[in-house]
Amino acid sequence: MNESNRLQTLGQVSSDSASEVFRDHLRGLVRQMIGDVMAEEVTELCGAKHRPSGDGDCFRSGSSPGRVIHEGRREEIQRPRVRRRKDDSSTCEVPLATYQAASCPQQLRDSIVSALVAGVSTRDVAQVVPDNAPGVGKSNVSRHWQSVGHKFVDELRGKDLSEKDWVILMLDGIRLSKEQLAIVAIGITTDGHKHVLDFDLGSTENAEVCRALMRRLIQRGFRCDRRLLAVLDGSEALRSVVKEFFEDAVVQRCLVHKERNICSKLSRRHWGELARLFKRLRKVQGRQAAEEVVQELVAFLRPLNAEALKSLREAGEDLIALHCLEVPNTLHRNLLSTNAIENSFRTTRRKLGRVTRFRAETDQATRWLAFALTEVDKGFRRISGYADLPKLIEALKQQKSSPPKISVGLQRKDQTATNT
């Protein structure tokens with residue numbers, strides 16, 4: 001379409017159709033440009049037309065229909081063909097680098113992956129890419145996503161953890177299906193930044209799964225130059241494995257999990273008072289104030305429910321381990337619970353919402369979870385109160401002190417694995 005014809009056409013169509021006219025014109029220019037570039041490559045290989053190069057190894061061999069991809073669309077073109085003479089007098093075709101670059105589907109694959117990352121299902125990808133784009137069937141999209149999913153796993157588990165100075169480790173589990181549960185590890189550095197470290201899959205939060213996760217973290221360079229602060233959800237298996245790798249670690253029990261567990265044993269009319277006491281426990285600063293709140297909790301639960309009181313006492317010194325370090329309560333918001341992981345799980349579940357069934361016999365869950373956690377890690381910020389982390393670090397550097405002697409009997413006892 002020349003200039004006058006284009007202007008004439010635009011004057012005869014509506015504004016809605018004008019954009020399509022321009023796009024058709026631009027696609028024509030792109031096809032022409034690709035043809036010119038391929039012609040230049042042919043000239044470099046074979047010499048000028050009707051004046052072949054002296055060595056005569058390469059020669060023109062006509063043309064054939066071809067396809068290139070532009071803006072996700074398949075465009076039909078005529079591609080020139082070049083052949084090369086071999087020593088045995090036979091010939092072979094010479095692939096043109098320009099044609100291979102123009103027909104490479106990588107741009108389309110990137111568009112498909114971007115659509116999936118944005119939340120489009122594999123069945124609906126065809127609705128957000130051009131109509132004649134190749135490879136947008138649900139099977140092809142699934143294959144693209146499978147190949148990309150392995151890259152997410154390699155990216156997450158390929159990071160060198162020895163480059164950062166870690167001070168806090170958080171472990172919690174997320175249920176993917178009836179058969180699969182993932183234990184996720186998040187680390188916090190001395191400057192307060194959170195990072196997704198790794199995860200491992202199992203049927204429950206058992207010691208073997210956690211041990212495999214911790215062993216991989218150590219191999220990748222996870223270390224702590226002082227006592228480690230571990231914030232756990234209450235699983236005895238997780239606690240025992242953390243103590244196995246970091247014997248002098250300070251273990252803080254997640255107060256949110258503990259409050260939730262005690263609530264399940266009480267009548268609904270008592271939940272408000274329990275919530276008030278746990279809110280006080282999260283706000284008070286120092287060991288003495290924390291022990292006073294624990295005494296109030298014991299006095300509140302003793303006449304109500306023996307199982308609730310047993311659950312409270314089961315936590316032992318882990319319930320107020322952070323208070324016993326005598327650090328500012330500005331750190332309590334993030335370090336008295338595993339909410340840093342729980343909040344990331346909300347985003348993770350949104351990313352995994354398109355998966356209707358996880359196949360335990362494949363690595364499907366590993367690929368999807370690696371993708372979701374990689375996306376979560378991009379949105380992490382510093383923890384609240386990070387300016388007071390040096391005081392926590394100084395407290396962790398001190399020699400391990402004896403467990404707090406709580407007069408109300410919150411001494412921890414060895415017991416079988418229980419997730420409270």
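Every number here is computed from the coordinates shown, using simple stated rules; none is lab data. Worth saying up front: this structure is predicted, and the values here are computed from it rather than measured. All Cβ positions, glycine included, derive from the backbone under ideal geometry; neighbour counts span all protein chains shown.
Here is the link list: 159/243; 159/283; 178/279; 258/378. Which ones come out longer than 27 Å on Cα distance? If you can, show how the numbers build up before the last one.
Details: 159/243 24 Å; 159/283 36 Å; 178/279 33 Å; 258/378 30 Å.
Violating the 27 Å Cα-Cα cut-off are 159/283; 178/279; 258/378.
Please work out whether segment 164-397 counts as rounded, prolate or oblate from its C-alpha gyration tensor, where a ≥ b ≥ c are the square roots of the eigenvalues and a/c under 1.5 means rounded, while otherwise a/b larger than b/c means prolate and anything else oblate?
On the way: a/c = 1.82, a/b = 1.28, b/c = 1.42.
Since a/c reaches 1.5 but b/c is at least a/b, the shape of segment 164-397 is classed as oblate.
Exactly which GluC sites (Glu not before Pro) in segment 197-289 are in a DSSP loop and have at most 16 other Cβ atoms within 10 Å?
Details: sites: 205, 208, 236, 244, 247, 259, 273; in loops: 205, 247.
Sites meeting the loop and neighbour criteria: 247.
So how do 274, 331 line up by other beta-carbon neighbours within 10 Å, fewest first?
The most exposed by this proxy come first: 274, 331.
Cut-off is 10 Å between beta-carbons; in what order do 91, 338, 189 appear when sorted fewest neighbours first? Could the numbers behind the result be given before it?
Details: 91 14, 338 26, 189 18.
If I rank by nearby Cβ atoms, fewest first, I get 91, 189, 338.
Which FRET efficiency, nearest 0.05, do residue 288 and residue 381 yield, Cβ-Cβ r, R0 45 Å?
Values: r = 32 Å, r/R0 = 0.72.
After rounding to 0.05, the efficiency reads 0.90.
Past the 20 Å Cα-Cα mark, which pairs from 151/194; 265/310; 49/86? Before the final figure, lay out each step's value.
Numbers: 151/194 22 Å; 265/310 10 Å; 49/86 22 Å.
Long pairs (Cα-Cα over 20 Å): 151/194; 49/86.
Would you list 153, 231 from fewest to most Cβ contacts within 10 Å?
Working: 153 17, 231 28.
Going from sparsest to densest Cβ surroundings: 153, 231.
Calculate, in whole percent, how much of the Cα-Cα pair population of segment 203-244 lies beyond 15 Å. Before the final figure, lay out each step's value.
Details: 373 of 861 pairs.
Taking all Cα-Cα pairs of segment 203-244, the fraction more than 15 Å apart is 43 percent.
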